[in-house]
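Take a look at the structure below.
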Amino acid sequence: MKVAYILNSPDAGWYKIGKMVLPQLEESRHGVDVVGIFAFDENAYMLRRGDPIGERLAKVAREKGILLMICDQCALHRSLARETEDGYEPLDTVEGVRVGCFPDLYEALSGNMPDQVISL
């Protein structure tokens, strides 16, 4: 089964992903294939360059083909992205992070659609 996580509750990034899901992914014992993680609000900070959880997550994402994305408005508001002619460019984030809105998320996952989307 393939899942995507939407991080929209406070502390979902550092606590639910960082303390629960990430260790399971690193040890290949999560039980499902994670195809995407989409961060809202303060959860976006987890994906800043140099953040220990973000750096570990970026490594796992590269190894397992997991999409890491930050909400465009959340990223702009937190100086983690800038608007360009073609959309948004991440700023000072871990490697591989994309910035966008739900239509961008759908497009990015279209080649590897999840069976379930889980909101944390």
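Show that you can apply the helix-only estimate: for the chain, add -39,500 (n - 2.57) for every DSSP H stretch of four or more residues, divide by all residues, and state [θ] at 222 nm to the nearest 500.
-7000 deg cm²/dmol
For the range 81-94, just list the computed ³J(HN,Hα) in residue order, Karplus coefficients 6.51, -1.76 and 1.60, θ = phi - 60°, integers in Hz, with x standing in for Gly and Pro.
Those phi angles translate into 7, 9, 7, 10, 5, 9, x, 9, 10, x, 10, 6, 10, 5 Hz.
Compute all pairwise cysteine Cβ distances in the chain, then list the cysteines with no distance under 4.7 Å to another cysteine.
So far as the 4.7 Å Cβ criterion goes, CYS101 stand without a partner in the chain.
Where both partners of a DSSP beta bridge lie in the chain, what percent of those bridges are antiparallel, to the nearest 5?
Counting DSSP beta bridges with both partners in the chain, the antiparallel share is about 25 percent.
Over the range 24-68, consider all pairs of different Cα atoms and compute the Kirkwood hydrodynamic radius from their mean reciprocal separation; express it in Å, one decimal.
Kirkwood hydrodynamic radius for the range 24-68: 11.0 Å.
About the Cα centre of the range 1-64, how large is the charge dipole given +1 on each Lys and Arg Cβ and -1 on each Asp and Glu Cβ? Please answer in debye to the nearest 20.
Rounded to the nearest 20 debye, it is 160 debye.
Over the chain, calculate the relative contact order: mean separation of alpha carbon pairs under 8 Å at least 6 apart, over the residue count, as a percent.
The value is 34 percent.
Going 7 Å from the Cα of ARG29 along its beta-carbon direction, which residues of the range 51-67 have the amide nitrogen within less than 20 Å of the resulting point?
What the label zone holds, given the 20 Å backbone N cut-off, is 56-57, 60-61, 64.
Under a Cβ-only charge scheme (Lys and Arg +1, Asp and Glu -1), can you give me the dipole magnitude of the chain about the Cα centre, in debye to the nearest 20?
The dipole of the chain has a size of about 440 debye.
Anyone know which of MET46, MET69, MET20 comes out most mobile in the 10 Å Cα GNM of the chain?
MET20
Rounded to the nearest 10 degrees, what's the angle between the helix 52-64 long axis and the longest principal axis of the chain, both from Cα atoms, 0 to 90?
70
Just how far, in whole angstrom, is the range 2-56 from the range 57-89 if you go by their alpha carbon centroids?
The range 57-89 and the range 2-56 have Cα centres separated by 13 Å.
So for the chain, Kirkwood radius off the Cα pairs, Stokes-Einstein at 37 °C and 0.692 mPa s: how many µm² s⁻¹?
After rounding, the answer is 234 µm²/s.
Projecting each Cα onto the charge dipole of the chain (Lys/Arg +1, Asp/Glu -1 at the beta carbon, about the Cα centre), which of ALA58, HIS30, GLY96 comes out farthest on the positive side?
Ranked along the dipole, the leading option is HIS30.
Coordinate-derived values only; no laboratory data. Computed from a predicted model, the values in this text were never measured in an experiment. Glycine also receives a Cβ, built like all others from the backbone with ideal geometry; neighbour counts cover every protein chain displayed.
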